[in-house]
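Chemist: I have a structure I would like to understand better, so I am pasting it below and will then ask my questions one at a time.
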Amino acid sequence: MRAPLSLLPLSLDKVVFEVGSRRIIDAISVSLEAGPRTVVLGPNGAGKSVLLRLCHGLLAPTSGVVAWNSAEIAGSSRRQAMVFQRPVLLRRSALGNITYALKLAGVPFAQRKERAMEALRKVGLEEIGAHSARVLSGGEQQRLALARVWALRPEILFLDEPTASLDPGATQEIEKVIAALHAAGTKIVMVTHNLGQAHRLGDEILFLHQGRLLERTPADRFFKNPASPEAAQFLEGELPW
Amino acid sequence: MNSFSEAAGQTFSLLASADAKLVDIVLLSLRMSITAALIGGVIGLPLGAVIAVNEFRGRRTLIVILNALMGLPSVVVGLLVYLLLSRAGPLGSWGILFTPTAIIIAQTILIMPTLAALSRQVIGDAWHEYREQLRSLGETKLGAAPTLLWDLKFSLVTIVLAGFGRAISEVGAVMIVGGNIDGVTRVMTTTIALETSKGDLPLALGLGFILLFIVLALNAAAYVVNDTAQRRYG
Ligand SMILES: Nc1ncnc2c1ncn2[C@@H]1O[C@H](COP(=O)(O)OP(=O)(O)OP(=O)(O)O)[C@@H](O)[C@H]1O
Ligand SMILES: [Mg+2]
């Protein structure tokens, strides 16, 4: 059997997303390669969440193409995952939430529990596997969402402000797991409003403004010397951190 | 006033002695209403789930119709089922008019729209919350319906309990299609109606108390189920 071709790079070609006559994503062309962690920055309403959903296939572009290196096979398990700002968990145990995802991913029944336990250990939640997922704290819920991702071992993970409503301690925990996922070979694409976090986790920055991709810059250079005046203004407004 | 206290005394002794006739009527009512609630649930909940998670032409119209059918006048349902099942009707050859089966059919038709409409509401709200995450995990719409039904099982149980409550309190349709035959299709509500009109208040009152008690117990059970599930599962 041949190893499946990599999903990456993901290339967007003149992707446009409109609602009515409003253009929310305006002709974005970009290619996301395996490896560097990509952080998407931009002011509120810039279109960051919509862009992530277009990439992940939750929205279909009005025009343009979102293409993976090797097309996902319809009906087979997905090799990409997404973590939302508010974790979405089913009314069952923490462990049950992970085994459910593994079932959808086509993992044989006999292996599911073991893999789910391993993922819970990875995020430090092994003690509470039997607890109901929806009564966990916000930070624990988001870690559980990441454990679910860990169990799936996707090639690429999209994160939309995963720590926006968490305290600094919980945020740090989440960042650790994201770093571990990246170290294990998962491509990270993350939206955040936390510039410190963008600094810590980002290798390259995509800067979005009013639905347009204004720049794509290595993280160090972006924070010192952004190319676009809009990005400079954005950094000034958001600073200090 | 005097007759009332007299009736109350006789009612009490009826209840205390677990009068055989009274017990039979209660058991018959329970059996039919439970059957109707179960059949209504088996059809109504998946129907609600399918309407909640799918987009298809005529969906809005279907939802409006279902909501309207929730307020379906019971005697009209009785009349329609009567016409269907009467000897000259399309299903007359089944020969089930004036049998418990006819009552169960009428009760099921009566409560099914309520079960479907309420479950569509509950499942639709959850679907709104889960949709992107489930799609992200690769769930299909076909698979989402059972996932949601299982996830919301406690809310759905209380919906079925509400359906059972309506079925057992039903009188108009049950009277028409059951014929109120002693020992066969005479249930609590129709007995109360009949005995009251005959002036036999003790039996009517006794059954009235029991019916009231059942409805109260149902609501208490629904509350407890919901409250416990809320605290335990969020
Ligand atoms: N399904 C939709 N229908 C209509 N408008 C939408 C839809 N989704 C997003 N929008 C609009 O598109 C614009 C971009 O939204 P988006 O959520 O992508 O912004 P964002 O960059 O993620 O902002 P934030 O930083 O506040 O999360 C907003 O003005 C929003 O109102
Ligand atoms: Mg957003």
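The values are calculated or read from the model by the stated rules, or taken from the named source; none is laboratory data. Here the structure is a predicted model, which means the values were calculated and not measured. Cβ: placed from backbone, ideal geometry, glycine included. Neighbour counts: every protein chain shown. Areas reflect the complete protein model, heavy atoms only, side chains present, ligands, DNA and RNA absent. Shrake-Rupley method; radii C 1.70, N 1.55, O 1.52, S 1.80 Å.
Chemist: Of the conditions (1) on the phi > 0 side of the Ramachandran plot; (2) at pLDDT 95 or above, B:GLY234 satisfies every one except a single condition; which number is it?
Modeler: (2)
Chemist: Could you list, in sequence order, the residues of the stretch A:153-169 that are surrounded by 23 or more Cβ atoms within 10 Å (Cβ to Cβ) and under 14 Å from A:GLN141 (Cβ atoms)?
Modeler: Result: A:PRO162, A:THR163.
Chemist: Just wondering, is there one or more residues in the stretch A:194-203 that are in contact with a strand residue (DSSP E or B) (Cβ under 6 Å, 6 or more places away or on another chain) and either polar (S, T, N, Q) or assigned by TED's automatic domain parsing to the domain that holds A:LEU54 (or both)? Lay out the reasoning, then the answer.
Modeler: We begin by selecting, within the stretch A:194-203, every residue in contact with a strand residue (DSSP E or B) (Cβ under 6 Å, 6 or more places away or on another chain); these are A:198, A:202.
Those still in the list that are either polar (S, T, N, Q) or assigned by TED's automatic domain parsing to the domain that holds A:LEU54 (or both) too: A:198, A:202.
Taking every residue of the stretch A:194-203 in turn, at least one turns out to be in contact with a strand residue (DSSP E or B) (Cβ under 6 Å, 6 or more places away or on another chain) and either polar (S, T, N, Q) or assigned by TED's automatic domain parsing to the domain that holds A:LEU54 (or both).
Chemist: Continuing with this model, one more query. Out of curiosity, is A:GLY96 more than 13 Å from every other protein chain (Cβ to nearest Cβ) and open to solvent by 10 Å² or more (accessible area, probe 1.4 Å)? Even if it seems obvious, please write down each step before you answer.
Modeler: On the way: more than 13 Å from every other protein chain (Cβ to nearest Cβ): no; open to solvent by 10 Å² or more (accessible area, probe 1.4 Å): yes.
Spelling it out, it is not the case that A:GLY96 is more than 13 Å from every other protein chain (Cβ to nearest Cβ) and open to solvent by 10 Å² or more (accessible area, probe 1.4 Å).
Chemist: Taking B:PHE56 as meeting all but one of (1) out of contact with any helix residue (DSSP H, G or I) (no Cβ under 9 Å at 6 or more places or on another chain); (2) open to solvent by 70 Å² or more (accessible area, probe 1.4 Å); (3) modelled with pLDDT under 95; (4) closer than 30 Å to B:LEU134 by Cβ, write down the number of the exception.
Modeler: (1)
Chemist: Right, another one. Looking at the stretch A:179-194 only, could you name the residues that are assigned to a helix (DSSP H, G or I) and touching a residue at least 40 places away in the same chain (Cβ under 8 Å)? Talk me through it step by step, then tell me what you get.
Modeler: Residues of the stretch A:179-194 assigned to a helix (DSSP H, G or I): A:179-183.
Listed by number, the residues that qualify are A:ALA180, A:HIS182.
Chemist: What are the residue pairs meeting all of these: first residue in the stretch A:197-212, first residue farther than 21 Å from A:ARG22 by Cβ, second residue crowded, with 22+ Cβ neighbours inside 10 Å and acidic (Asp, Glu), Cβ atoms under 6 Å, and 6 or more apart or on different chains?
Modeler: Once the first residue is farther than 21 Å from A:ARG22 by Cβ and sits in the stretch A:197-212, no partner that is crowded, with 22+ Cβ neighbours inside 10 Å and acidic (Asp, Glu) comes close enough.
Chemist: Residues that are within 14 Å of chain B (Cβ to nearest Cβ), within 16 Å of ligand 1 (Cβ to nearest atom) and of a type in the set (D, E, K, R): does the stretch A:73-86 have at least one?
Modeler: At the first step, the residues of the stretch A:73-86 found to be within 14 Å of chain B (Cβ to nearest Cβ) are A:73-86.
This time we only want the ones that are within 16 Å of ligand 1 (Cβ to nearest atom), so: A:82-86.
Next, only the ones that are of a type in the set (D, E, K, R) stay: A:86.
For the stretch A:73-86, residues within 14 Å of chain B (Cβ to nearest Cβ), within 16 Å of ligand 1 (Cβ to nearest atom) and of a type in the set (D, E, K, R): present.
Chemist: Out of (1) of a type in the set (Gly, Ala, Ser); (2) within 16 Å of ligand 1 (Cβ to nearest atom); (3) open to solvent by 20 Å² or more (accessible area, probe 1.4 Å), what's the single condition that is false for A:ALA67?
Modeler: (2)
Rundown of residues vs (1) open to solvent by less than 30 Å² (accessible area, probe 1.4 Å); (2) more than 13 Å from every other protein chain (Cβ to nearest Cβ); (3) assigned to a helix (DSSP H, G or I), yes/no style:
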site: B:ILE103; (1), (2), (3): yes, yes, yes
site: B:THR108; (1), (2), (3): yes, yes, yes
site: B:GLY124; (1), (2), (3): yes, yes, yes
site: B:ARG131; (1), (2), (3): no, no, yes
site: B:PRO146; (1), (2), (3): no, no, yes
site: B:SER155; (1), (2), (3): no, no, yes
site: B:ARG166; (1), (2), (3): no, yes, yes
site: B:ALA173; (1), (2), (3): yes, yes, yes
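Chemist: Hey, any hits in the stretch A:20-36 for a residue that's more than 14 Å from every other protein chain (Cβ to nearest Cβ), closer than 17 Å to A:PRO162 by Cβ and either more than 13 Å from the chain's Cα centre (by Cα) or not polar (S, T, N, Q) (or both)? Step through it out loud before you land on a result.
Modeler: Our first condition is that a residue be more than 14 Å from every other protein chain (Cβ to nearest Cβ); within the stretch A:20-36, this holds for A:20-36.
Right, trim to closer than 17 Å to A:PRO162 by Cβ and you get none.
No, the stretch A:20-36 contains no residue that is more than 14 Å from every other protein chain (Cβ to nearest Cβ), closer than 17 Å to A:PRO162 by Cβ and either more than 13 Å from the chain's Cα centre (by Cα) or not polar (S, T, N, Q) (or both).
Chemist: Can you go through B:VAL122, B:VAL50, B:VAL81, B:VAL42 and tell me which one is over 14 Å from the mean Cα position of the chain (by Cα) and closer than 27 Å to B:VAL187 by Cβ? First the steps, then the outcome.
Modeler: On the way: B:VAL122 fails: closer than 27 Å to B:VAL187 by Cβ; B:VAL50 fails: closer than 27 Å to B:VAL187 by Cβ; B:VAL42 fails: over 14 Å from the mean Cα position of the chain (by Cα).
After applying the criteria, what remains is B:VAL81.
Chemist: Pairs under 9 Å by beta carbon, first residue within 14 Å of another protein chain (Cβ to nearest Cβ) in the stretch A:105-118, partner open to solvent by less than 60 Å² (accessible area, probe 1.4 Å) and among the β-branched types (Val, Ile, Thr), six or more apart or different chains?
Modeler: So the pair list comes out as A:VAL107/A:THR99; A:ARG112/A:ILE98; A:ARG112/A:THR99; A:ALA116/A:ILE98; A:ALA116/A:THR99.
Chemist: Pick out the one residue from A:ALA184, A:ALA231 that is farther than 18 Å from A:PRO9 by Cα and either away from ligand 2 (no atom under 16 Å from the Cβ) or within 14 Å of chain B (Cβ to nearest Cβ) (or both). Reasoning before the result, please.
Modeler: Values: A:ALA184 fails: farther than 18 Å from A:PRO9 by Cα.
A:ALA231 is the lone residue from the list that is farther than 18 Å from A:PRO9 by Cα and either away from ligand 2 (no atom under 16 Å from the Cβ) or within 14 Å of chain B (Cβ to nearest Cβ) (or both).
Chemist: Within the stretch A:49-64, count every residue that is assigned to a helix (DSSP H, G or I) and open to solvent by 40 Å² or more (accessible area, probe 1.4 Å).
Modeler: Here is the first cut: in the stretch A:49-64, the ones assigned to a helix (DSSP H, G or I) are A:49-56.
In the following step, the residues that additionally are open to solvent by 40 Å² or more (accessible area, probe 1.4 Å) were identified as A:49, A:53.
Qualifying residue count for the region: 2.
Chemist: Yes or no: A:PHE234 within 16 Å of ligand 1 (Cβ to nearest atom) and closer than 17 Å to A:VAL30 by Cα? Please lay out each step first, then the result.
Modeler: Numbers: within 16 Å of ligand 1 (Cβ to nearest atom): yes; closer than 17 Å to A:VAL30 by Cα: no.
So A:PHE234 does not fit the description; no.
Chemist: The conditions are (1) touching a residue at least 60 places away in the same chain (Cβ under 8 Å); (2) within 28 Å of A:PRO218 (Cα to Cα); (3) among the aliphatic types (A, V, I, L, M), and A:ALA145 fails exactly one of them. Which is it?
Modeler: Every condition holds for A:ALA145 apart from (2).
Chemist: Further question on the same structure: Can we say A:GLY211 is of a type outside the set (S, T, N, Q) and more than 16 Å from ligand 2 (Cβ to nearest atom)? Walk me through how you get there before you give the answer.
Modeler: Working: of a type outside the set (S, T, N, Q): yes; more than 16 Å from ligand 2 (Cβ to nearest atom): no.
No: the conditions fail for A:GLY211.
Chemist: Return the pair list, or none, for Cβ contacts closer than 9 Å from residues in the stretch A:45-59 that are over 13 Å from A:LEU208 (Cβ atoms) to residues that are near ligand 2 (Cβ under 9 Å from one of its atoms) and in a helix (DSSP H, G or I), at least 6 apart or on different chains.
Modeler: Partner pairs satisfying both residue conditions: A:LEU58/A:LEU52; A:LEU59/A:VAL50.
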